[in-house]
Amino acid sequence: MFEDLQALAPDPILGLMADFRADTNHRKVDLGVGIYKDADGNTPVLESVKAAEAYLLQRQSSKAYIGPAGNPEFNHLLQSLLLGEGHPVVSSGRAVSIQMPGGCGALRAGAELIKRARPGATLWVSDPTWANHIPLLGSAGLKIVTYPYYSVEQSAIRFEAMLQALEQTDPGDVVLLHGCCHNPCGADLDPGQWEKVAELLQRRKVLPFIDVAYQGFGEGLDADVAGLRLLAQRLGEVLVASSCSKNFGLYRERAGGLTVIGETRAQVAAVHSQVCNIVRSLWSMPPDHGAAVVATILGSENLRSQWQYELARMRDRINVVRAQLVDGLTMAGAGEFGFIARQRGMFSFLGLAPDQVEQLRRQFSIYMVDSSRINVAGISAENCEYVCDAIASVCR
Ligand code: LMR
C-alpha cells in the first residue's frame, strides 16, 4: 500500500520549530513560527484563560457531544466580537457563525462551502500570503490565482497593481483578504484602501473571504476589524474565517469560527445546514475546550476586561519591540528598516535573500522563515542587539 509514497520536506513554518528545538546553541533565537512571546521569550497561558479554565473545571457537567456547529454561546459571542453588537447584519439575522477547529478549520470549511455553492469560482489570494493558505484552500479543489499585494523591495503595499488585478475577477469569484496584521508582510490596507476594495468587490459581484487571525494584535479589537465591518455593511455576502489562537493564546486548543453573511435569513439558514454537513464529513464536530474558554471569558464582564488588558499588553509589547528593532538595526548599520515600525502584528519581511536567511540560521542560530519573514515577538531586550548585529553582518 505505502511503498510508493515518498517522504515530504518539512512544512516551511512548522519545520522550523523542530530545527530550533534541536539547536544546542544557547544564543539561539526563534523568529519563526507565529506565536506570541513575552519579554522573557515565553508563551504563557493568559490569566483570564486560567480563570476561565478553573471555572469550567468546577461547572462543566458533561462531555457529551456538542454537535457540528459547536458551542452556541461561543458562536454568538465570536460574531459580536467580529461585527460589533449593533451591526445591521447581526440585528437583521443575516449572519451565522459556526465554531471551527481553529482558523485553519474555518478556512477549509469556507473553501468547501464555496466549492459547493460555485464549483467554478476562482479564489484570488494575495501575493505574498500565509504559506498554508494555498494548500488549505486548494485541497478543497478550488482554482487559486494570486493578486499582487506587497513589494519587498519597496516595503510597501502594491495597491494600484492589486486593484488592477482584481478588475480581472469574474462575478462569483472569491477574494481572500487579510483582516489585519497581514501574514507574512505586516502591511495592512488603510481605511481609504478598504473603501476602494469594497467598491470594486461590490461592482464586480465578488465575494470577500476575510481571514481574521490576529484581531487585537494590530491597533485594537475594533480598529482591526474596521475593514471587515465596512465590507459587511456594503456587500450582501461575506465570508469570514477567524481564529482565537493568538488573541486568546489558545494555539493548541484549536478555537475559531466561520462566519457567513448572506442576503437573507433564509439564505443564511441554508448555508448553516450546508456548513454543518461539511463539518460532519470532515471532522464531525469541533473540539470543545478552547471555545468553552473563550465563551466563558467573553460572557463575563470581569474576565472580558482582564482579557482585554492582557491582549493590550501583548499588542503594546509587539509595537514597542518593532521600534526597538528599527533602532537596533540602524545602530548596527544594517540598513534602512524603518518600515518595520509602521507595520502591524507579529510579522514583517526583512527583505533578505534565502542564502542570508540560511547564514543567519547556520552561523548565528537565528531562525526565520526562508522568505525572511520574522516574528517580531521573538525579539527581547536580551537578544535584540545580537539579532541586529547578526543581520547587519549578513547584509554587508
Ligand atoms: C504562522 O504563520 O507562523 C502561524 O500562523 C502558525 C502556522 O500555523 O503557520
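Things worth noting here:
- Failed condition for L177, given (1) under 20 Å from the mean Cα position of the chain (by Cα); (2) of a type outside the set (G, A, S); (3) not in a strand (DSSP E or B): (3)
- All positions within the range 49-69 that are outside any helix (DSSP H, G or I) and either free of Cβ contacts under 8 Å to residues at least 12 places away in the same chain or within 28 Å of Q274 (Cβ to Cβ) (or both): S61, S62, K63, A64, Y65, I66, G67, P68, A69
- In the range 366-382, the qualifying residues are those that are of a type in the set (S, T, Y) and open to solvent by 10 Å² or more (accessible area, probe 1.4 Å), and the one that is farthest from the ligand (Cβ to nearest atom) is S380.
- Qualifying residue in the range 51-66 (condition: over 21 Å from V376 (Cβ atoms), open to solvent by 70 Å² or more (accessible area, probe 1.4 Å), within 16 Å of the ligand (Cβ to nearest atom) and in contact with a Leu (Cβ under 9 Å, 6 or more places away or on another chain)): no
- Wholly enclosed helices (runs of 4 or more DSSP H) of the range 70-152 bearing at least 1 residues under 20 Å from the mean Cα position of the chain (by Cα): 72-83, 102-117, 133-138
- Test: M100 is in contact (Cβ under 8 Å) with a residue 40 or more places away in the chain and over 21 Å from R304 (Cβ atoms): yes
- Flag if I13 is at pLDDT 95 or above, surrounded by 11 or more Cβ atoms within 10 Å (Cβ to Cβ) and within 16 Å of the ligand (Cβ to nearest atom): no
- Looking at G351, G338, just one residue is at positive phi and open to solvent by less than 60 Å² (accessible area, probe 1.4 Å), and that residue is G351.
- Residues satisfying the stated conditions in the range 16-32, i.e. surrounded by 13 or more Cβ atoms within 10 Å (Cβ to Cβ) and away from the ligand (no atom under 13 Å from the Cβ): D19, D23, R27, K28, V29
- Some residue of the range 33-48 being assigned to a helix (DSSP H, G or I), within 13 Å of the ligand (Cβ to nearest atom) and within 25 Å of I134 (Cβ to Cβ): no
- The single residue among L228, L221, L239 that is out of contact with any Ser or Thr (no Cβ under 7 Å at 6 or more places or on another chain), touching a residue at least 12 places away in the same chain (Cβ under 8 Å) and farther than 30 Å from D316 by Cβ turns out to be L239.
The values are calculated or read from the model by the stated rules, or taken from the named source; none is laboratory data. Since this is a predicted model, take the numbers as computed values, not measurements. Positions of Cβ are backbone-derived with ideal geometry, glycine not excepted, and every protein chain shown enters the neighbour counts. Accessible surface is based on the protein model in full, side chains and every heavy atom, while ligands, DNA and RNA are left aside. Shrake-Rupley method; radii C 1.70, N 1.55, O 1.52, S 1.80 Å.
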